[in-house]
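Written out below as structure tokens is the structure these notes cover.
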Amino acid sequence: MNTLKLREYKKGLKLTKVQREILVGTLLGDSHLSNHNSGVAYRLMVQHGLSQKAYVDWIYDKFKDWVITPPKIKDQTVNGKLYKKYWFNTVSHPALRFYAAQFYRGREKTVPKLIHRWLTPLGLAVWFMDDGSIKSNHHRALILNTQCYSDICLRRLRRVLSNKYKIATKLRKQKEGKQIYLLASSVQEFVNIIRPYIIPKMEYKLGKLR
């Protein structure tokens with residue numbers, strides 16, 4: 001697509017309600033916004049391990065109007081170990097600038113003050129598919145991997161889980177930071193909220209709770 005056609009195509013793009021909800025959830029998780037045109041436009045970057053191909057394809061399907069090139073496989077070396085990654089980017093667009101302003105302070109990811117307004121059950125499920133897991137096959141406990149967030153961000157996340165969804169949590173220290181640990185008394189309620197939106201290939205994250 002040449003530059004003129006792409007510019008005209010972008011004018012017709014508008015985020016739907018579902019796309020906005022998924023965007024909030026995946027930005028709380030592993031996805032990123034990349035700056036283009038000196039902050040005027042941003043693109044969404046989605047990347048996971050190849051084992052989560054079905055999940056990336058699901059997000060791509062929801063955003064395919066915003067994507068020129070379908071998901072691809074690439075090699076990534078981390079600490080000398082080779083990994084297969086599956087990824088795609090949306091086109092850069094001014095509509096994503098609002099989310100960049102909310103979810104970033106400089107290059108550091110943050111949690112918006114108004115997250116309680118924007119985190120829907122669908123967004124919660126996407127966040128879990130991105131960054132959640134069961135503690136082990138021997139436990140019912142669920143974990144959200146939030147090690148990248150500051151204490152202020154963690155308080156905001158725990159507050160929205162508690163006040164909006166009645167989910168009790170505690171923090172669990174790790175070498176890289178702190179995880180949000182869902183208390184056993186709230187696990188079933190959390191699963192009831194997100195289960196309608198969990199795609200079949202990601203149900204393994206629920207372990208025996210599925």
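Can you name the residue in segment 17-36 that is more than 17 Å from TYR197 (Cα to Cα) and among the hydroxyl-bearing types (Ser, Thr, Tyr) and, of all such residues, is surrounded by the fewest Cβ atoms within 10 Å (Cβ to Cβ)?
Here the residue is SER34.
Tell me, yes or no, whether segment 96-111 has at least one residue that is part of a loop (DSSP other than H, G, I, E, B) and free of Cβ contacts under 8 Å to residues at least 40 places away in the same chain. Spell out the reasoning first.
Residues of segment 96-111 that are part of a loop (DSSP other than H, G, I, E, B), as a first pass: 106-107, 110-111.
This time we only want the ones that are free of Cβ contacts under 8 Å to residues at least 40 places away in the same chain, so: 106-107.
Yes, there is a match, as at least one residue in segment 96-111 is part of a loop (DSSP other than H, G, I, E, B) and free of Cβ contacts under 8 Å to residues at least 40 places away in the same chain.
Is at least one residue of segment 137-160 surrounded by fewer than 16 Cβ atoms within 10 Å (Cβ to Cβ), among the β-branched types (Val, Ile, Thr) and either farther than 18 Å from SER31 by Cα or under 18 Å from the mean Cα position of the chain (by Cα) (or both)?
Checked against the condition, which is being surrounded by fewer than 16 Cβ atoms within 10 Å (Cβ to Cβ), among the β-branched types (Val, Ile, Thr) and either farther than 18 Å from SER31 by Cα or under 18 Å from the mean Cα position of the chain (by Cα) (or both), segment 137-160 yields at least one hit.
Output the residues belonging to segment 37-56 that are of a type in the set (S, T, N, Q), part of a helix (DSSP H, G or I) and buried (at least 17 other Cβ atoms within 10 Å of the Cβ).
The first filter runs over segment 37-56 and keeps only residues of a type in the set (S, T, N, Q), leaving 37-38, 47, 51-52.
Restricting the remaining residues to those that are part of a helix (DSSP H, G or I) gives 37-38, 51-52.
Selection gives GLN52 alone.
Checking ILE68 against (1) closer than 28 Å to PHE190 by Cα; (2) exposed (fewer than 15 other Cβ atoms within 10 Å of the Cβ); (3) touching a residue at least 60 places away in the same chain (Cβ under 8 Å), which test does it fail?
Every listed condition holds for ILE68 apart from (1).
Can you tell me which residues in segment 26-51 are closer than 17 Å to TRP87 by Cα and not hydrophobic (A, V, I, L, M, F, W, C)?
Of segment 26-51, the ones closer than 17 Å to TRP87 by Cα are 26-27, 29-34, 42-51.
Listed by number, the residues that qualify are THR26, GLY29, ASP30, SER31, HIS32, SER34, TYR42, ARG43, GLN47, HIS48, GLY49, SER51.
Residues being surrounded by 15 or more Cβ atoms within 10 Å (Cβ to Cβ), of a type in the set (A, V, I, L, M) and within 12 Å of ILE143 (Cβ to Cβ): count how many of those fall in segment 162-205.
Final tally of qualifying residues: 4.
Within segment 113-125, can one find any residue that is part of a strand (DSSP E or B) and either surrounded by 17 or more Cβ atoms within 10 Å (Cβ to Cβ) or not β-branched (Val, Ile, Thr) (or both)? If you could, list the steps in order and put the result at the bottom.
Taking segment 113-125 as the starting set, the residues that turn out to be part of a strand (DSSP E or B) are none.
No.
Going residue by residue through segment 63-81, is there one that turns out to be within 23 Å of VAL111 (Cα to Cα) and part of a helix (DSSP H, G or I)? Please lay out each step first, then the result.
Taking segment 63-81 and keeping what is within 23 Å of VAL111 (Cα to Cα), we get 63.
The next check asks that each one be part of a helix (DSSP H, G or I); those that pass are 63.
Yes, that holds for at least one residue.
Given (1) of a type outside the set (Lys, Arg); (2) under 30 Å from HIS116 (Cβ atoms); (3) in a loop (DSSP other than H, G, I, E, B), identify the lone condition not met by LEU33.
Among (1) of a type outside the set (Lys, Arg); (2) under 30 Å from HIS116 (Cβ atoms); (3) in a loop (DSSP other than H, G, I, E, B), LEU33 violates only (3).
Read-outs: derived from the displayed coordinates by stated rules, not from any lab. As the structure is a computational prediction, the values presented were derived from the model and not from experiment. FYI the Cβ positions are ideal-geometry reconstructions off the backbone, even for glycines, and counts take in every protein chain you see.
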